[in-house]
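The values are calculated or read from the model by the stated rules, or taken from the named source; none is laboratory data. In this text, all values refer to a predicted model and were calculated from it rather than measured experimentally. Cβ coordinates were reconstructed from backbone atoms using ideal geometry, including for glycine residues, and neighbour counts include every protein chain displayed.
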Amino acid sequence: MDSNVKNTLREAGFGFKKRLGQNFITDKNLLSSIVREAGVESGDTVIEIGCGAGTLTRAIAEQAKKVIGFEVDRDLQPVLARTLAGVDNAEIIFKDFLKVDLAELEEKIGEYSVVANLPYYVTTPLITKILEESKLCKSLTVMVQEEVALRLCASENTPDYGAITAVIALRASAKIVKRVGREMFTPRPNVDSAVVKMTVEDNRISVADPILYKKVVHAAFSSRRKTLENNLVNTFNLSREQAQKLLTACGIDLKARGETLSPQAFAILSDKLSKI
Ligand code: SAM
């Protein structure tokens with residue numbers, strides 16, 4: 001770890017909290033490559049979730065017009081005051097990002113992108129919150145555990161494809177842009193990571209009711225061993241006949257399992273189900 005950051009953390013008496021997913025990065029090449037992969041430009045506003053010691057915050061601030069960082073751990077306040085001294089386009093808000101009113105924030109800041117080294121224990125809730133609630137987010141470039149990265153970017157009919165993949169696909173295309181070894185973090189975690197860029201695309205997949213789409217997706221993956229028909233019957237209280245008619249109307253094999261359906265196929269299924 002960069003000795004300046006290490007000293008600042010030590011002098012502030014900071015102890016890493018595993019329960020908050022505190023694995024920090026300080027390598028300058030890695031930090032600038034994350035910002036580069038995110039495509040941050042000089043007129044951009046960027047939201048960072050989980051500033052830690054402010055190393056990524058600083059790298060973003062060097063490229064962006066403004067960075068608004070959220071950090072849940074107030075023990076990092078004295079650390080960030082030092083590491084971000086003189087960085088006047090960075091604003092740090094000490095708050096759990098899951099509790100942020102995104103609509104209210106968007107009214108203040110306008111269009112933005114998200115760049116973050118996400119705390120592993122809330123990766124999925126943070127990504128889904130943004131993709132479901134945001135109206136003005138252009139892209140999310142996030143470091144996550146490699147295994148999660150593979151799930152975010154998976155194609156149907158592969159073991160990594162799951163509910164989160166199909167939920168993300170409704171609003172964004174996702175791509176792994178960088179692999180990052182565990183040795184790059186302090187403290188060192190037990191697994192490697194990867195940076196995923198999700199680019200939000202308006203009307204990517206058209207669906208009448210996104211909430212029902214999500215429910216259908218979760219139903220389809222509720223029991224991976226069961227057929228889609230069985231999972232639909234159980235979740236939506238359908239008769240077997242109704243479920244079979246529905247699948248046939250969508251051109252889906254009655255023996256199909258959830259993981260064989262593309263996000264587009266889930267959208268068709270959800271739209272037809274809403275009419276039953
Ligand atoms: N950005 C820093 C870096 O790259 O070195 C720190 C990344 S560390 C993986 C994740 C950070 O997110 C920690 O500082 C942790 O305290 C913070 N955090 C955890 N849960 C959070 C939440 N719900 N909202 C905001 N920050 C959170």
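Can you find, within segment 105-164, the residue that is nearest to R179 (Cα to Cα) among those that are of a type in the set (S, T, N, Q) and over 9 Å from the mean Cα position of the chain (by Cα)? The selected residue is Q145.
Listed conditions (1) of a type in the set (S, T, Y); (2) buried (at least 17 other Cβ atoms within 10 Å of the Cβ); (3) farther than 18 Å from F94 by Cβ are all met by T55, apart from (3). Of the residues making up segment 226-248, not a single one is within 25 Å of N117 (Cβ to Cβ), assigned to a loop (DSSP other than H, G, I, E, B) and more than 17 Å from the chain's Cα centre (by Cα). The residues of segment 155-197 that are closer than 21 Å to V114 by Cα, of a type in the set (A, V, I, L, M) and assigned to a loop (DSSP other than H, G, I, E, B) amount to a single one, L170. So for segment 183-195 (the condition being among the acidic types (D, E), touching a residue at least 40 places away in the same chain (Cβ under 8 Å) and over 30 Å from V40 (Cα atoms)), does at least one residue qualify? Among the residues of segment 183-195, not one is among the acidic types (D, E), touching a residue at least 40 places away in the same chain (Cβ under 8 Å) and over 30 Å from V40 (Cα atoms), which makes the answer no. Residues of segment 219-244 that are over 20 Å from P263 (Cβ atoms) and crowded, with 20+ Cβ neighbours inside 10 Å: A243 alone. If only residues of segment 245-276 that are among the charged types (D, E, K, R) and in contact (Cβ under 8 Å) with a residue 40 or more places away in the chain are counted, the one that is surrounded by the fewest Cβ atoms within 10 Å (Cβ to Cβ) is D271. Can you spot a residue in segment 32-39 that is crowded, with 19+ Cβ neighbours inside 10 Å, small (G, A, S) and under 22 Å from D192 (Cα atoms)? Yes, segment 32-39 contains a residue that is crowded, with 19+ Cβ neighbours inside 10 Å, small (G, A, S) and under 22 Å from D192 (Cα atoms). Once segment 104-148 is narrowed to residues that are part of a strand (DSSP E or B) and not hydrophobic (A, V, I, L, M, F, W, C), the residue that is nearest to the ligand (Cβ to nearest atom) is N117.
Within this structure, V216 fails the test of being closer than 24 Å to T124 by Cβ, crowded, with 19+ Cβ neighbours inside 10 Å, in contact with a strand residue (DSSP E or B) (Cβ under 6 Å, 6 or more places away or on another chain) and not basic (K, R). Of all residues in segment 4-15, none that is over 17 Å from A85 (Cβ atoms) has its Cβ atom under 8 Å from the Cβ atom of a residue that is in a loop (DSSP other than H, G, I, E, B) and of a type in the set (D, E, K, R), 6 or more apart or on another chain.
Counting only strands (runs of 3 or more DSSP E) that fall entirely inside segment 1-94 and contain at least 3 residues that are in contact with a helix residue (DSSP H, G or I) (Cβ under 8 Å, 6 or more places away or on another chain), under 26 Å from T128 (Cα atoms) and within 14 Å of the ligand (Cβ to nearest atom), the qualifying elements are 45-49, 66-70.
Okay, residues lined up against (1) under 19 Å from G15 (Cα atoms); (2) at pLDDT 95 or above; (3) of a type in the set (S, T, Y):
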{"residue": "E48", "(1), (2), (3)": "no, yes, no"}
{"residue": "T57", "(1), (2), (3)": "no, yes, yes"}
{"residue": "A61", "(1), (2), (3)": "no, yes, no"}
{"residue": "K66", "(1), (2), (3)": "no, yes, no"}
{"residue": "D73", "(1), (2), (3)": "yes, yes, no"}
{"residue": "L76", "(1), (2), (3)": "yes, yes, no"}
{"residue": "V79", "(1), (2), (3)": "yes, yes, no"}
{"residue": "I109", "(1), (2), (3)": "no, yes, no"}
{"residue": "Y112", "(1), (2), (3)": "no, yes, yes"}
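Here F97 meets each of (1) within 14 Å of the ligand (Cβ to nearest atom); (2) closer than 24 Å to E132 by Cα; (3) surrounded by fewer than 23 Cβ atoms within 10 Å (Cβ to Cβ) with one exception, condition (3).
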